[in-house]
Amino acid sequence: MPSDPVHEFLEDDMKRRWRDNGADRAGAAAIRAMVLMLGGVVAGRTEAETPESGPDGTVSLEAVTVTGETTESTETAWGPVRGYVAKRSASGSKTDTPLIETPQTINVVARDEIAARAAQNLSQATAYTPGLLTEMFGPSTRDDYFNLRGFDVPQYLNGLRLLGIGYANIRTEPYGLERVEILRGPSSVLYGQNPPGGLVNLVSKRPTLEPLHQVELLGGSFGRVQGAVDLGGPLDDSGQFLYRLTALGRGSDTQVDHAKDDRYFVAPSFTWRPDADTSFTLLTHYQKDEAGNSMQFLPPQGSLQPNPNGRIPTSRFLGEPDYDRFDREQYTVGYAFEHRFNSIFQVRQNLRYAHVETDYPVIFVDGFVTGANGLPVDYRTVTRSAGLYQARAGVFTLDTQAQADFDTGPVRHTVLFGADYRNLGGDNNSGIGSAPNIDMYSPVYGQPFDRPPIDLKRHQDLDQFGLYLQDQIKYERFGLTLSGRHDWAESFTHENDLLYSTLTDTRQDDSAFTYRIGLNYLFDSGFAPYASYSDSFEPVPGTDFSGTPFQPTTGQQWEVGIKYQPPGYNAFLTLSAFHLTQQNIVTADPDPAHQGYSIQTGEARVMGIELEGKASLAEGLDLTAGYSIYDSETTKTTEANQLGKRLPYTPGQQASTWLDYTVPVGPAAGFGLGGGFRYVGSNYGDLTNSLRAPSYTLIDAVVHYDLGKLDGSLKGARLAVNLSNLFDREYVATCGDGFCYYGNRRSVLASLRYDF
C-alpha cells in the first residue's frame, strides 16, 4: 500500500486501541481490513468498487477525509463523547476540565450509551449509574426522581438549575440530550443552594459543524409508537452558521391500565460563529406531555406483604379513567455565549427562561376501609380522595463567567470568577375532595363524585444571587483546586386558603458561604489519586414555635479516591470513598407545650464506597460497570423511633454491569448483542424504617444489526430490539408514607434508525 498519512493515522490508531502487542501481531490482517473498510465508508461509497492495481502489484486507494469523529483531543465538556467514555466535563468546575483532573466523582452517561439501551426517560438513561436510585416511585409519568448518597437530587440543564413549583417541573426528553452527568457530593460552591448528595446536569444536543441526519422509528410494549428526527450541520460554506433540529413524537400506554404516556417534543438550536474566538448558540425546546397517572398508591398488603385476596396486579389502576390525567406544557429559550479575548482571558454567559404549566386531576388511595376495631374489613376495599393540582412556573436563570489562564513561574492557573442569578415565580393551586370507595381486585369505574374545586391558592417567588471564585492550580504533576462562594437567597410565599378564609404571607432571607478544597496527583501510568473537602447549604422554609425562621441545612463531605485512565485505551475508572454529614435538619420540638412545631437539631450521616468503570474498545466492545455500598444513619433527632435508622431511599448496596459487542469483521460483521444486570439493595421509604422494599435484580438485553453490512444500499440503517427486565420480574421499587410502588415490568422495544 502506498504511503498515505490518512491511512497511516487510521492504522496506527487502531493498533493503539488494540489490547496488547500480541493482539497486534495476531490481528494485523483484521486491522488492515477494517482500515480499508473504514476508508470506503468515510469516502461515502454505497457500492463496492474495485481499486486499480499498480505495476508493482500494490493497490492504490483514493484519498479520504476523516470527519465527524470525536477523539480525546477534540472532545469538549459540552460536546459529543466517543463511545461510552467521556474524558472531559464542566459539571465539577464550570471549566472545560479533564475528568481525571477533577477532585470529585463525576459520572457521565454518553449519547451512545443512552441510545444503546433505548432509554425512554432519564431514570432509564441513568439506571446503570452506581449509587443512584432511579425508580423512587416506579414507572412515573410525572417526573424523574433520584436519590444519591442519601439525599434528593436536583436537575440542571446546561449548567442552569431546573426549578419548579408543585407539580410544575420541567421533564427533559432524553433524545434531546448529548450526555447526562452526575456530580457527586456537595455542589453549593459552584451552584448555590443544593442538597449535599449531588446533582444531575443534562447537556443538550447542539449544532454541529459536520452534517448529521438521523431518523428513527420505535415501537413495542404497551402500544408504544414513536418517531424521532435529528438534523444538524452548517448553513453556509464557511461554517459560520450552524443548526440543529431534534424532534420526537409518540403515543403510548403504560403498564398501568388507563394511563397513557404521549409526548410531542421539538428542540431547534442555532449557532453563530463570527470568528474563531466567538460563538453564540441559541438553545430552545418545546414539549407537551399528555399522560395518565401511572404512579399508583398501593397498600403494602397485596403488594409488599401477603393479602388474603392475593397479589394486587401490577397493571391495576385505582383512579377514574374519565378523571385522572397529567398534562404538562413546557418550553425553554436561552443561549450560550463565549468569547476569547486572547490566550489568557475569555468570558462565557449562559441564560435561560423556562416556562411550565401542569394540570393534574387525580384519584388516590387513602387506605383500607376499616371496621370498629380499626382493622381492614376485607383487605380489598379502599377509600379514595379526589385531588386537583394546577401549577405554573416561570424560571429565569443567568450565569456569567470570566476565565483567565496564566502562569506564575512554574505554576499554571485557571482562575474562574462568576456571578449567577435565578428567579422563580409561580402559582400552585390545589383542591381536595372525597371519592367513592373501590375494590382493588375487582374495580368498578364511573361511580359519581363531586370534582373538587380549587380551595388553596399559593403564589411563590424565589431569588438567589451568588458570587464565586475558583483557582485550578497545576504544579508539575500536582493539581490543587480552591473554590469559594457566597450566596444570598430570598423567598416570598402568599397563601390564600379559600376553605378557611385565611391569608398568609411568609418571607425568608438566607445567606451562606461555601468552599471546596481538592488535591490530586497525575502519574504517567494513568492513575490519579485525589482528596477533597466540600460543603453545601439549602434553605429550609418555616419557623419554630417562637416565630424564628429556620436556618439553612448545612452539609460537609470528605472524599478520597483514585481515577485511572489507561494510556492507549478508551477507558476510564473511578474508585471513591466519602463521609458526608448534614446538620440543621428539622425534627419535632420535644416541648409538650409546642406540639406540632419543630426545631433544628437533627443530623444525618452517610458514608460509602463507589466504583465505576467504562470502556469503548476498537474491537466493537462497549461496557460499563458499577458498584456502591452505603452506610446511612440518622445520628441526631428528638424522635427516638428515628435515631440510628437508615435514611430513606438509600440502598445499602447497588451493582450493575452492561456489555455490548458488535462483530467488526467477517461473515457476522455488523451483528451485535448486549446485555446487563442491575442489582438494587433493600431500602426504606421513611425515617422510622417502617416499610422495607426488598432487593431485586433485573436483566436487560439488546440485539442489533447494521443493515449496511447486509446490503451497501442500506448503509447507515440499524435495526435493534431492546428488552428491559427480560425475565419480567415483579418487584416493589420503593415504599413510603404507608404506600408501595411497583417497579417497571418487562418492556420490548424494536427500533429502526437511519443515519445519512
The one condition Val444 fails out of (1) surrounded by 12 or more Cβ atoms within 10 Å (Cβ to Cβ); (2) over 30 Å from Phe537 (Cβ atoms); (3) not charged (D, E, K, R) is (1)
Being touching a residue at least 60 places away in the same chain (Cβ under 8 Å) and surrounded by 21 or more Cβ atoms within 10 Å (Cβ to Cβ): is that true of Val356 here? yes
Within 29 Å of the chain's Cα centre (by Cα), among the β-branched types (Val, Ile, Thr), at pLDDT 95 or above and crowded, with 18+ Cβ neighbours inside 10 Å: is that true of Val606 in this structure? yes
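Rundown of residues vs (1) more than 26 Å from Tyr533 (Cβ to Cβ); (2) buried (at least 24 other Cβ atoms within 10 Å of the Cβ); (3) touching a residue at least 12 places away in the same chain (Cβ under 8 Å), yes/no style:
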| site | (1), (2), (3) |
| --- | --- |
| Thr129 | no, yes, yes |
| Pro139 | yes, yes, yes |
| Asp144 | yes, no, yes |
| Leu148 | no, yes, yes |
| Gly159 | no, yes, yes |
| Ile170 | yes, no, yes |
| Ser187 | no, yes, yes |
| Tyr191 | no, yes, yes |
| Asn194 | no, yes, yes |
Residue check for Gly310: in a loop (DSSP other than H, G, I, E, B) and on the phi > 0 side of the Ramachandran plot: yes
Which of (1) under 30 Å from Pro436 (Cα atoms); (2) touching a strand residue (DSSP E or B) at 6+ places or on another chain (Cβ under 8 Å) does Thr271 not meet, given it meets every other one? (1)
Failed item, numbered, when Val665 is tested on (1) touching a strand residue (DSSP E or B) at 6+ places or on another chain (Cβ under 8 Å); (2) farther than 25 Å from Ser576 by Cβ; (3) modelled with pLDDT under 95: (1)
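Tell me which strands (runs of 3 or more DSSP E) are completely within the range 144-233 and hold 2 or more residues being in contact with a Pro (Cβ under 9 Å, 6 or more places away or on another chain) and within 28 Å of Asp427 (Cβ to Cβ), or say none if there are none.
The qualifying strands (runs of 3 or more DSSP E) are 198-204.
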Check whether at least one residue in the range 693-715 is closer than 30 Å to Pro651 by Cβ, of a type in the set (Gly, Ala, Ser) and in contact with an Asp or Glu (Cβ under 6 Å, 6 or more places away or on another chain), and report yes or no. no
Quick one: which strands (runs of 3 or more DSSP E) sit completely within the range 656-756 and have at least 1 residues that are among the aliphatic types (A, V, I, L, M) and farther than 30 Å from Arg646 by Cα? 671-680, 696-706, 717-724, 747-755
Just to be sure before I move on: is Gly738 modelled with pLDDT of 95 or more and more than 22 Å from the chain's Cα centre (by Cα) in the structure I sent? no
Which ones in the range 705-735 are within 25 Å of the chain's Cα centre (by Cα) and of a type outside the set (A, V, I, L, M)? Asn722, Ser724, Asn725, Asp728, Arg729, Glu730, Tyr731, Thr734, Cys735
In the list Tyr515, Tyr533, which residue meets the criterion of being more than 30 Å from Gln595 (Cα to Cα), hydroxyl-bearing (Ser, Thr, Tyr) and either free of Cβ contacts under 8 Å to residues at least 40 places away in the same chain or assigned to a loop (DSSP other than H, G, I, E, B) (or both)? Tyr533
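The values are calculated or read from the model by the stated rules, or taken from the named source; none is laboratory data. Not measured: the values here are computed from a predicted model. Methodologically, a virtual Cβ is constructed for each residue, glycine included, from the backbone with ideal geometry; neighbour enumeration extends over all protein chains shown.
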